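Here the structure comes first, spelled out in structure tokens, and everything after it is commentary.
The values are calculated or read from the model by the stated rules, or taken from the named source; none is laboratory data. It should be emphasised that the depicted structure is a prediction, and the values quoted were computed from it without experimental measurement. Please note: Cβ atoms are built from the backbone with ideal geometry, for glycine as well, and neighbour counts cover all protein chains shown.
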Amino acid sequence: MARQFTLEGASVLALEKGTDILDGASKGNSAILHTGFDAPTDSVEHACIVAGYQEYLDIRTKLKLPLLETGALVTAWNQSEENLLTGILEKAHINGVADAKILSAKATRSLEPELSSSVNASIHVPREYVIDPWTAPFVYMLQALENGAQLLRNAEVLGGEYEGDAWKIKTSQGIAKGKIVINCAGLYGDKLDEILIGKSSFEIRPRKGQFLVYDKAASQLIDSIILPVPNEITKGVVVCRTAFGNVLVGPTAEEQKSRDDASVTENELLALKAKGEEIIPALADVPITATYAGIRPATQFKDYCIEAFDDKQYISVGGIRSTGLSGALGIAHHVFKQYQAFGKSHAPVSSIAYPIVTPIAQDEKRDWEKAGNEGIVCHCELVTQREIKQALAGEIPAGSLEGLKRRTRVTMGRCQGFYCSAKLSELTQGCFKQPLAKAIKKSSIKKADDK
Amino acid sequence: MTKSALPTHCDVAIIGSGPAGLATATELKRLGIADVIVLERNSEAGGNPRHCGHSPFGMREFKRVYFGPKYAKTLVAKAIESGVGIALNTTVTSFEKGGLLNLSTKQGATQLKAKIVVLSTGIRENPRSARLVTGQRPLGIMTAGALQSMVYLSDNKPFENPVIIGSELVSFSAIATCRHAKIKPVAMIEENARSTAWSFLRLYPKLQGVRFLSNTRLVKIHGKERVTGVSVIDASGEKKQFSCDGVIFTGQFVPEASLARMGHLEIDSKSNGPAVDQFGRCSDPAYFATGNVLRPVETAGWCWKEGVETARNIADSLSDELVGNEKQTSISIKIESSIIKYCVPQRIAMQSSDIQAIQLQIRLTKPAKGRLVISSNSGEIWSKRISGLPERRILLSLSKETVESIMVKGEDLVIEFESFKQ
């Protein structure tokens, strides 16, 4: 949104209550670039996914955004699931995904030989791809900033009023003014609506999704995104590669009250492990690198909840769940059109600035391959000292370990910091609100070295 | 060694400069091998002992007792004295068949071709994530190794009152590290009925004022930004919660065998290290493995001894005296018991002459008394009564005559365990 509005010539201020951007629902995304083959036909969601998908492919080279052209298989594991494939295929065709087709068990396994032999059949969707939930939105924001937008972090919206010609927003960092307010508050979207316009047309019903991340060795086992046949409640457990060369198994779908407790839980992780190994038996011999959970800002509705209030010069963008990553660019277009319907217009930015991005995805040329990298600090993910220093400086510097991890992948590998935590505690000194460590008082140490 | 001095070819490239790697390198030079290079990804050589600020190290190698850091320095000095080149800040990012290594240095990507490559990449501890522990991701969760590096190499401390999970040797070393940094652990938690390390160490936490809770399992870590506490459950099923600001996961070592796993070498799913023959040769004979990358986990002294032996085998291999170099036919050793955690080596390479006795290293998964039996299709070949505990080294010595008869039969082997009735 910030990028779209900025490039269209609006002056944009983005308010983020967290220490870092993408610190809420977005960080737990499963990273698939959807074609929208299974999205509800004629929904806003579907339209945004289709538009967002195309624009992502259009701008990705210039913005150095990652893309794994994996394709996806919707896999049926019994006769009743197999019976549902025809319906899913018809919908895919109606949704404009003409190249989707049904594969027999044999054809499925010749495409993915490591898939369990108990697979019945599948639908191949060749243009479902894997991207990276962090880099793409981070770069959108960077590009917005380079073209004149402003970002205020640690700025929670506490209240606000529309004063007839402009909004006055009270934040934890002072008053912000704007002609129009767009609510992209994700898990707190309904709360923000209530604070600013008195009521919300939707209610956020947090739905947690846990994931397992397998070691990079697992990425040799599959190419495609392996999807199950979805049921009424959830799209089910997906097995796919990541842009960083790992394999992801998840998510679970757990309704919960809390909007910020992204705990992983042992039993659900064990169940995911069993599920992953049922789909790809060889995963049993691959170590698990990481676990995480994300919280989807689901609502009582199936579709996105995007609503414009002309009288208040306010647009609420709510209920954006996992497809939000694919849909983001499309949603921005959609919302900008509603903004234009308010009678607003600007002269678009004439010469668009492009941010300089250091790619961290596996298939890109990485910093460790280049001279002057200052040496590798995180050995599992091959993160260099220069990359860490850049992430701690730059336009949106990392203000927390989580932020640094997302920017560089540091400590996110198989050892989870066994080898690099010490070095990292030195490099990040004075950079984080929550420091990794504090100095031991020298006077209190006996020097073990000299014995 | 400076970066410009990194050659494009060498006789032996050793990946990792811990005790096993340095022992291999030093012995190779003693045996007259010309170009021996140790590749170390850190800015300092010496491996894990660098941050083990406790004794005893060096009894086997130097007949005296050192603290870890001094021991590491002594090993490095010995190697350099012998003419070993150590390339620091040099990471092997991947390798290819026949000994071609892809490297990263501060100058960027480069390559090195070695006649023989030695994997001596050691071990690390299993982190929280791989143990699938419930909770969010607050700061203050780390392994003992990470804590040791932070304390001994960076003079930093990440918490004041952590809990320690596990009771292996390294867990006790974590208490010593805490003490050094004036960190006061609140408890040591062990899932089993007794301490995994030697029982006399059970008194150690008490002496240091740390509660030792056996039969207790960690079920949840509390806290969002920083650790605020943990929940544990004891054998009776009673759940307890207590405050702490950190969690140290200790032990549950895993070989750092990612290079082999990502490359073309066969990995043993029992040891989680590369599968080797009795000479330490991997499935590609241009690659040897030695030290803790073979299996979790042995003392520095043991790894050093393995390194020396591996060096001798490599010297034979380079002079073509190692039988079976060209055509590797071997007998596999299969484990058929859940009591046996792993067996190293995983196979015995066939030899037509110069047959030697072989030592198999095994570990148990739980305390057990019974008979270990090695057999092939034609029947029992070897057996031994054992009474053992997990995480203790058990050596099975196959005499020259036994090995001869195994090779004559040429049949794959099976190791089984027959429990004695209690």
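Restricting B:A79, B:A72, B:A87 to residues that are among the aliphatic types (A, V, I, L, M), over 21 Å from A:L382 (Cβ atoms) and within 13 Å of another protein chain (Cβ to nearest Cβ) narrows the list to B:A72.
Taking each residue of the range A:141-156 that is assigned to a strand (DSSP E or B) and looking for partners that are acidic (D, E) with beta-carbon atoms closer than 9 Å, six or more apart or interchain, yields A:L151/A:E16; A:L151/A:E395; A:L152/A:E16. Taken over the range B:127-136, the criterion of being surrounded by fewer than 22 Cβ atoms within 10 Å (Cβ to Cβ) and either at negative phi or acidic (D, E) (or both) is satisfied by B:A130, B:R131, B:T134, B:Q136.
Listed by position, the strands (runs of 3 or more DSSP E) enclosed by the range A:259-350 that each have at least 2 residues that are within 14 Å of chain B (Cβ to nearest Cβ) and under 20 Å from the mean Cα position of the chain (by Cα) are A:288-296. Taken over the range B:24-67, residues that are away from every other protein chain (no Cβ under 11 Å) and in a strand (DSSP E or B) amount to 4. Taking every residue in the range A:222-239 that is closer than 20 Å to A:R296 by Cβ and pairing it with any residue that is of a type in the set (S, T, N, Q) and surrounded by 17 or more Cβ atoms within 10 Å (Cβ to Cβ), at least 6 positions away or on another chain, the pairs with Cβ-Cβ distances below 6 Å are A:I225/A:T70.
Any residue in the range B:80-89 that is surrounded by 20 or more Cβ atoms within 10 Å (Cβ to Cβ) and within 19 Å of the chain's Cα centre (by Cα)? The answer is no, given that none of the residues of the range B:80-89 is surrounded by 20 or more Cβ atoms within 10 Å (Cβ to Cβ) and within 19 Å of the chain's Cα centre (by Cα). Is there a residue in the range A:361-377 that is within 11 Å of another protein chain (Cβ to nearest Cβ) and in contact (Cβ under 8 Å) with a residue 40 or more places away in the chain? For the range A:361-377, residues within 11 Å of another protein chain (Cβ to nearest Cβ) and in contact (Cβ under 8 Å) with a residue 40 or more places away in the chain: present. Is it the case, given these coordinates, that A:A437 is within 11 Å of chain B (Cβ to nearest Cβ), closer than 25 Å to B:E40 by Cβ and at pLDDT below 95? Against the criterion (within 11 Å of chain B (Cβ to nearest Cβ), closer than 25 Å to B:E40 by Cβ and at pLDDT below 95), A:A437 does not qualify. Going by what's in this entry, would B:V276 be described as assigned to a strand (DSSP E or B), buried (at least 18 other Cβ atoms within 10 Å of the Cβ) and touching a strand residue (DSSP E or B) at 6+ places or on another chain (Cβ under 9 Å)? In short, no. Within the range B:370-402, restricting attention to residues that are of a type in the set (K, R) and in contact (Cβ under 8 Å) with a residue 40 or more places away in the chain, the residue that is nearest to B:S352 (Cα to Cα) is B:K400. All conditions but one from (1) at pLDDT 95 or above; (2) under 30 Å from A:R3 (Cα atoms) apply to A:E112; the one that does not is (2). Hey, does the range A:77-96 have a residue that's part of a loop (DSSP other than H, G, I, E, B), among the charged types (D, E, K, R) and not assigned by TED's automatic domain parsing to the domain that holds A:H333? No: zero hits. Of all the listed residues (B:Q346, B:Q356, B:Q361), the sole one being modelled with pLDDT under 95 and either crowded, with 18+ Cβ neighbours inside 10 Å or out of contact with any Pro (no Cβ under 9 Å at 6 or more places or on another chain) (or both) is B:Q356.
Taking only the range A:387-417 into account, find how many residues are within 9 Å of chain B (Cβ to nearest Cβ) and either outside any loop (DSSP other than H, G, I, E, B) or not hydrophobic (A, V, I, L, M, F, W, C) (or both). The number of residues fulfilling the criteria is 7. May I ask you to verify whether B:T299 is within 20 Å of the chain's Cα centre (by Cα), surrounded by fewer than 20 Cβ atoms within 10 Å (Cβ to Cβ) and of a type outside the set (D, E, K, R)? So B:T299 fits the description; yes.
In summary, strands (runs of 3 or more DSSP E) completely within the range B:164-273 and bearing 2 or more residues that are within 14 Å of chain A (Cβ to nearest Cβ) and in contact (Cβ under 8 Å) with a residue 12 or more places away in the chain occur at B:216-222, B:229-234, B:246-249, B:253-255. All conditions in (1) closer than 20 Å to B:E27 by Cα; (2) crowded, with 21+ Cβ neighbours inside 10 Å hold for B:R60, with the sole exception of (2).
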